[in-house]
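Reviewing the structure listed below.
No lab work stands behind these numbers, since they all come straight from the coordinates. Owing to the predicted nature of the structure, the values given are computational and were not obtained by experimental measurement. Cβ: placed from backbone, ideal geometry, glycine included. Neighbour counts: every protein chain shown.
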Amino acid sequence: MLSKLIGQEFKVTSRYFVPLYICLGVITLLLKLSLTLTIGNNTVFYSGSSNTVTEIINVLLIMLYVIILIGIVLLTYFIIIRRFYTNMFSDEGYLMFTLPVTTGQLLNSKLIVAFIWQFLMIPATLLSFFILFVNTDIIKAMPQFFSQLSLELHTLQISGFSIGLIIVELIAAVIVQLLGLVLMCYLSITLGQHLWAEHRLIGSILAFLGIYTVESLISSFAGIFIGNALVSSAYILTAADAFSYFNRVLPLTILSNIILVIIYYVVTHYMLNKKLNLN
């Protein structure tokens, strides 16, 4: 049943997200084409060779490109939050909670789909940047760049394993952070419906601000404590020492965020299962 819920959620949300990414792809290609025709294929920087009309077109396309990028981020979270609220606490909530599914399946389907659309922003944006800013000269220079980078890292006594480990840890940190942000929104909405029955929107906003403030304070104190503990036991004198330091800090950061994700999930699940208020 969970797969059916996920499929339905994808079907509904795709109507919003697919046009967004199509718009991003179209404006990226138009801007790339405009810049290429205006200032050549070897650079994306203004060279002074274009006339006023083409300059205006380029400026307008750049502004539209930035607006779409910002819009994708804002609309992604707006859609995620709106879908959770309307499905769980509006008139649709009565129907959703009469389905032969568990509260966990409902919550998991929302969380999985929200995370995928949220995570998709990263490769979509990077691909857009790659199309827009990378040219043939950069592509030709890449092998030499990576070869030189490898030599520099070897000189600094930084192993490929250390770099690979940091990359994996950064990806894990991003995944956990994205899950935490979605669950923080879900928990805020759930608390807002339960604690502020007459002013649910304001209650949800206040709950989010409260949770975010508490999390920031805990993260700050934990970061200071962990940082001081690790620095006192190791001196950062070389780049290799710095990589070693981050390889020890990142797992602790990931672990603390995982704990927060678990707390957010458990409390949200409990509130939906035991304290649901659809009135």
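Note the full-extension length gain between ILE67 and LEU209 as 0.36 nm times their separation in residues minus their Cα-Cα distance, in nm to one decimal.
Working: separation 142, 0.36 × 142 = 51.12 nm, distance 2.61 nm.
Extra length from ILE67 to LEU209 when fully extended: 48.5 nm.
Step through the residues of the stretch 4-10 one at a time and calculate ³J(HN,Hα) from phi using the Karplus curve (6.51 cos²θ - 1.76 cosθ + 1.60, θ = phi - 60°), rounding each to whole Hz and writing x for Gly and Pro.
Computed from phi, the couplings for the stretch 4-10 are 5, 5, 5, x, 5, 5, 4 Hz.
I need the peptides 4-16, 246-258 ranked by packing, meaning the mean over residues of other C-beta atoms within 10 angstrom, with the highest value on top. Mind showing how you got there, number by number?
On the way: 4-16: 14.5, 246-258: 16.0.
Top of the packing list down: 246-258, 4-16.
For an R0 of 25 angstrom, estimate the FRET efficiency from the Cβ-Cβ distance between ALA172 and ILE138 and round to the nearest 0.05. Spell out each step's value before the answer.
Details: r = 29 Å, r/R0 = 1.17.
Efficiency at R0 = 25 Å is approximately 0.30.
Give me the distance in nm between label points sitting 7 Å out from Cα along the Cα-to-Cβ direction at ARG82 and LEU252, one decimal.
With each label placed 7 Å out from Cα toward Cβ, I get 4.2 nm.
Between SER147 and VAL18, 0.36 nm times their residue separation minus their Cα-Cα distance comes to what? Don't jump to the answer; show the numbers that get you there.
On the way: separation 129, 0.36 × 129 = 46.44 nm, distance 3.83 nm.
Full extension from SER147 to VAL18 adds 42.6 nm.
Which FRET efficiency value, to the nearest 0.05, is calculated for SER216 and ILE262 with the Förster distance at 22 angstrom and r the Cβ-Cβ distance? Please report the intermediate quantities before stating the final value.
Numbers: r = 18 Å, r/R0 = 0.84.
That pair, SER216 with ILE262, gives E of 0.75.
Using a Förster distance of 22 Å, how high is the FRET efficiency between GLN8 and LYS274, based on the Cβ-Cβ distance and rounded to 0.05?
Values: r = 25 Å, r/R0 = 1.15.
E between GLN8 and LYS274, to the nearest 0.05, is 0.30.
Lys and Arg at +1, Asp and Glu at -1: add these up for the other residues within a Cβ distance under 15 Å of LYS4 and post the number. Each step should come with its number before you reach the end.
Details: positive: LYS11, LYS110; negative: GLU9.
Taking every Cβ under 15 Å from that of LYS4, the sum is +1.
Going by average Cβ neighbours within 10 Å, how do the peptides 62-73, 105-116 rank, with the highest at the top?
Working: 62-73: 14.6, 105-116: 20.2.
Highest mean packing first, the order is 105-116, 62-73.
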